[in-house]
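What follows is calculated from the coordinates using simple rules that are stated; it is not laboratory data. In this text, all values refer to a predicted model and were calculated from it rather than measured experimentally. Note that each Cβ is placed from the backbone with ideal geometry, even for glycine, and that neighbours are counted across all protein chains shown.
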Amino acid sequence: MLTTRLIGYAIGQIPSNLILTRLSPRYWLPFCEVMFSVFTFACCAVKSPTDISIIRFFVGALFVVGNFYRKDELAKRGVLFISMAGSGQIFSGILQSAAYTNLDGVMKRSGWRWMFIIDGIISLPIAMAGFLLYPSFPDKIKPGKIWSAYDIAIMRKRMELEDRKSAAKFTKSHLVKIFGNWKVWILPWLMIFFSNTQDFLQVYTFWLSNAKNEDGTSKYTVPQINLYPNGQVAIFIVWSWVIGWLSDGAFKGNRWIPIVFTSSFAVIVAIVQAALPTYSTNESVRIAFYYLVGIGISQGGLMQAWINELCSESNEERAIILAFGNDFATVFQAWVPLLLWKQTEMPRAFKGTVYTACLYAAIIITVLITLAFIYKDKNKNKNETTTSDEEINANDSSSKIIEGT
C-alpha cells in the first residue's frame, strides 16, 4: 500500500509543480486537498487490500512559500511549514490511540476505519476554506476582501528587492538553460538523500512492538506504541525551529552550516544505533538514541529554503528542481525499503541503519559540491563584471580622445 501511494505521488509531483507556475495555488492546492479528503473517506469503506492500494495511489508547497518571503525569513517559514507536518503526526498518534480505545466496534466499524472518517472530516473544511483564503502569487494576486492593493504592492516590492522572478514562458531556450545548469543535476540530490533517511523513524515503533516482558507478554500496549514515537517528532519540531532561526539570524543566511552540523550528528546517531544490542538489561541508552533520530530529520525545510534561494532567478527552474527532488526521492522510497527495511529484520534493521548513516554522509558531500559550484559562479560573475567595467572605461577613454582631436 505504501508503494502504490508513493507511485501515485511520484507520477503527480512534477506536473503539479509545473501547474503551480501557471494556475493560481488558490485553486489548485485546495482542489488537491478536496480530492485527498474524498479518497480518505473512501478508505473507510474498502473491502480488500487491492481497494485501499488503488485509493492510496490517487492520494499521493514549499514552492509557494518561496514566492512570498525574503531571504532572512525563508528558513523560519520553511521549517514552520515542515514542522506543522510533524505536529500533525503527533496529533495523529494521539487520535489513533483514541480511535482504537473508544471507537473500535462502534456502529460495527473497526477503529482504523473510524480513523479515515475522522481524517476526512478534518481535511474537507480546510480544503474548502482554501478556495477563499489561500493567496495567489504576488504577481498575479488581485485586490479583494482579504488582500488590499496596498498589501499586494508590498508583496511585489518585497520580491522585487529579493530579485525573485515571476513565471516566464516555457521556451526551448529556457528549458535548455535550466537543464544546462548545474543546479538541476545537483540540488535534487539533497532532497533525495534526506527524504530517504526518514525510514529510520519507524524502527522505534517496531522496537516497542517487539519488546517483551520476562514472561513473554508484550511490554508495551497499543496506545503506548502509538504515543511514544511522538517524542521523536517533538524533537524534530524543536530542532527544526532552532536551526531555522539560527540560519536566518546568527548564520546570516548560510544554510549549509546547520545542514552539515545536523547531518554529521545524525551520522553518529546511526552508527551508535547500529552498534548497540537490540535489547539489553539497560535499554535507556538505545531509547535515548531513538529519540535523537528526530534531530537528523529536522533539516528538510532548511534544504528547501536554500533551494528556493539558489533558484530565485527562475520560477520554472525552482519548480522543476523541487519537483525532481521530491519525485526521485519517492522513486527510491518505493523500492529501497523492500530491500533494506524488511519487516522480518525489524527492529534490528542493521542494513537500513548503516544505509541511513551513508545517506547523511552523502548529504554533507552534496553540500560541499554545491558550495564549490556557488563559489565558481560568484567568481565567474565577478570576472564578467570586471571585464564589463574595463570595456566601459576603455570606451569612455576612446570617446575622450576622439573628442580631444
Which of Met115, Met128, Met303 has the fewest Cβ neighbours within 10 Å, and the rest in rising order: Met128, Met115, Met303
Where the Cα pairs of the stretch 187-317 fall when distances are cut into 10 Å bins, in %: 11, 37, 29, 15, 7, 2, 0
Exposure proxy order (Cβ contacts within 10 Å, fewest to most) of Glu317, Glu33, Glu283: Glu283, Glu33, Glu317
Estimated vicinal HN-Hα couplings, Hz - the stretch 185-201 in sequence order (Karplus 6.51, -1.76, 1.60; Gly, Pro = x): 9, 10, 4, x, 5, 4, 6, 5, 4, 5, 4, 7, 7, 6, 5, 4, 4
Calculated from backbone phi, Karplus (6.51, -1.76, 1.60) coupling profile of the stretch 294-309 in Hz, x at Gly/Pro: x, 5, x, 8, 8, 9, x, x, 5, 4, 6, 5, 4, 5, 4, 5
Rounded if a/c under 1.5, otherwise prolate or oblate - the stretch 179-238, Cα gyration tensor axes: prolate
Förster radius 41 Å - calculated FRET efficiency between Phe179 and Lys108 (Cβ-Cβ, nearest 0.05): 0.15
Per-residue Cβ neighbour rank within 10 angstrom, fewest leading, Cys358, Cys32: Cys358, Cys32
Set Lys212/Lys342; Lys142/Lys177; Lys177/Lys378; Lys157/Lys378; Lys142/Lys183 screened for pairs whose C-alpha atoms are more than 27 Å apart: Lys142/Lys177; Lys142/Lys183
Cα gyration tensor category, rounded, prolate or oblate, for the stretch 228-276 with a/c compared to 1.5: oblate
Volume in Å³ per residue [convex hull over Cα atoms, computed for the stretch 303-388]: 100
